[in-house]
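A quick write-up on the structure given underneath.
The values are calculated or read from the model by the stated rules, or taken from the named source; none is laboratory data. Everything numeric in this text was worked out from a predicted model, so none of it was measured. All Cβ positions, even for glycine, are placed from backbone atoms using ideal geometry, and neighbour counts span all protein chains on display. Areas reflect the complete protein model, heavy atoms only, side chains present, ligands, DNA and RNA absent. Shrake-Rupley method; radii C 1.70, N 1.55, O 1.52, S 1.80 Å.
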Amino acid sequence: MLMDFQMEGGQAITAEIMTEMENIPEGYNSPSHEIRTFELPSSVWITMFTSYAVFFGALFIATGHGTAAIFALVVSMAYAVMYFGTAAVLNNVTAAERKALPPVDPIGGIETQTGWMNNRAANAQILTVPILLALFACAFAVIRALV
């Protein structure tokens, strides 16, 4: 009895997995190695770093009139450099191993916990916070200049 239930449960799960696999985009089915790097296009990195530069620049223009504000901005910039620097160092740890792997097949998106995302949607999620931070700092600088 218990064995029959486990067999039926296993068959149900197998059928569910097979149904999900049928809905995966064609390019995703190609075999590729595990991606152990960020593998973002340079345009995403340029946009991200430009957004953070605008953010810190606008905050400096808006609040950089006192020693305490300048100190706070320098500490914040140091944390940003540490954040991206740590990621860069960890990314380079396995660089030699990744060079030995075959190139990754471009599949036009990524599989996430909630489902398939094309590159445009993934890039939008990656860049939303940096761009909005830059817009916030610019608005703050304009308001500070007007008041």
Quick one: which of THR112, THR86 is open to solvent by 60 Å² or more (accessible area, probe 1.4 Å), among the hydroxyl-bearing types (Ser, Thr, Tyr), free of Cβ contacts under 8 Å to residues at least 24 places away in the same chain and out of contact with any strand residue (DSSP E or B) (no Cβ under 6 Å at 6 or more places or on another chain)? THR86
Where the second residue is of a type in the set (A, V, I, L, M, F, W, C) and outside any helix (DSSP H, G or I) and the first is more than 15 Å from ALA139 (Cβ to Cβ) and lies in region 49-60, which pairs have Cβ atoms under 6 Å and are six or more apart or on separate chains? none
Selection within region 47-82 - part of a helix (DSSP H, G or I), open to solvent by less than 70 Å² (accessible area, probe 1.4 Å) and farther than 30 Å from ARG120 by Cα: ALA62, THR63, ALA69, ILE70, ALA72, LEU73, VAL75, ALA78
Counting only residues that are surrounded by fewer than 14 Cβ atoms within 10 Å (Cβ to Cβ) and either modelled with pLDDT of 95 or more or in a helix (DSSP H, G or I) (or both), region 24-46 contains a total of 7
Can you pull out the residues in region 131-141 that are open to solvent by less than 90 Å² (accessible area, probe 1.4 Å) and either touching a Phe, Trp or Tyr at 6+ places or on another chain (Cβ under 8 Å) or closer than 18 Å to LEU73 by Cα (or both)? LEU133, ALA134, ALA137, CYS138, ALA139, PHE140, ALA141
